[in-house]
Amino acid sequence: MAKVGIVMGSDSDLPVMSKAAEILEKFGIDYEITVISAHRMPDIFFDYAKSAEEKGFKVIIAGAGGAAHLPGMAAAIFPMPVIGVPIHTKALGGVDSLYSIVQMPSGIPVATVAIDGAANAGILAAKILATSDSVLLEKLKAYKEEQKAGVVAKKEKLERVGFREYNK
Ligand code: RP5
């Protein structure tokens, strides 16, 4: 049963939002991914948000660009955490999306990640699930160690070969 719902306002958001799906796959977390526009198909959106708890979702990751109401409206209906991903836009660079998602009224939070920060949305969803899943928690700890090892290797290479050789 899918524990995370990934939803986005358009298929044009998919190249970004697929990064959240890749992270969930890495951690072995079942998810459902779909496109639902809160503006263009509000009836379908309301059905999705209202049935999400019953379907077994524990977290929703919602991505949208521009006048990005999808994450906030999902949070208004779904009683568990909603993570918002502001999508980069041509007109305003995604600041429009960011402000639309992050400036929620008191009482209806959306955990907002960076513009196009879908990978972090996936990691945050995993961390939320890990609060009641010790196996997943160990995987997250190992992932953190992997990241550290990657940076340590780069640091050591830079110190060994110098910046000119490193940049080649
Ligand atoms: C938003 O409008 C979507 O989330 C997308 O980021 C943006 C543009 O959608 P399209 O015109 O590409 O379908 O609702």
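The values are calculated or read from the model by the stated rules, or taken from the named source; none is laboratory data. Given the structure is predicted, the values throughout are model-derived calculations rather than measurements. Every residue, glycine among them, receives a Cβ derived from its backbone with ideal geometry; neighbour counts consider all protein chains shown. Surface accessibility is based on the protein's heavy atoms, side chains included, excluding ligands, DNA and RNA. Shrake-Rupley method; radii C 1.70, N 1.55, O 1.52, S 1.80 Å.
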When the Debye formula is applied to the Cα atoms of the range 1-65, each taken as the same point scatterer, what base-10 log of I(q)/I(0) results at q = 0.23, 0.24 Å⁻¹? -0.97, -1.03
Charge-dipole axis of the chain as Lys and Arg at +1 and Asp and Glu at -1 on Cβ define it, positive-most pick from G162, A125, L70: G162
Translational diffusion of the range 32-167, µm² s⁻¹ [Kirkwood Rh, Cα pairs; Stokes-Einstein; 10 °C; 1.306 mPa s]: 94 µm²/s
In whole Hz, with x marking every Gly and Pro, tabulate ³J(HN,Hα) for the range 126-133 from phi via Karplus 6.51 cos²θ - 1.76 cosθ + 1.60, θ = phi - 60°. 4, 5, 4, 5, 5, 5, 10, 8
Of S51, S132, S106, which is the most mobile in a GNM of the chain whose springs link Cα atoms less than 10 angstrom apart? S106
Hey, got the dipole for the chain? About the Cα centre, +1 on K and R Cβ, -1 on D and E Cβ, debye to the nearest 20? 720 debye
When the Karplus curve 6.51 cos²θ - 1.76 cosθ + 1.60 is applied with θ = phi - 60°, which whole-Hz ³J(HN,Hα) does each residue of the range 147-159 get, with x for Gly and Pro? 4, 4, 4, x, 6, 4, 4, 5, 4, 5, 5, 4, 5
The range 108-141-the range 42-82 distance, computed between alpha-carbon centres (Å): 17 Å
Charged-residue dipole, Cβ positions (Lys, Arg, Asp, Glu), the range 1-90 about Cα centre, Debye nearest 20: 220 debye
Residues whose built amide H sits under 5 Å from the amide H of I87, excluding neighbours closer than 5 in sequence, are A64, G65, G66, D116
Sum of -39500 (n - 2.57) over DSSP H runs of 4+, divided by residues of the chain (222 nm, nearest 500): -16500 deg cm²/dmol
Write down the accessible area per residue of the chain in Å², having rolled a 1.4 Å probe over the full set of protein chains. 57 Å²
Quick one: with all protein chains in place, what share of the accessible area of the range 1-131 is carbon or sulfur, to the nearest percent (1.4 Å probe)? 57 percent
Among P81, V113, Q103 the positive-end extreme of the charge dipole of the chain (Cβ point charges): V113
Between V59 and residues 5 or more places away or on another chain, which pairs have amide H atoms under 5 Å apart, with H built 1.01 Å from N, and which residues are they? G5
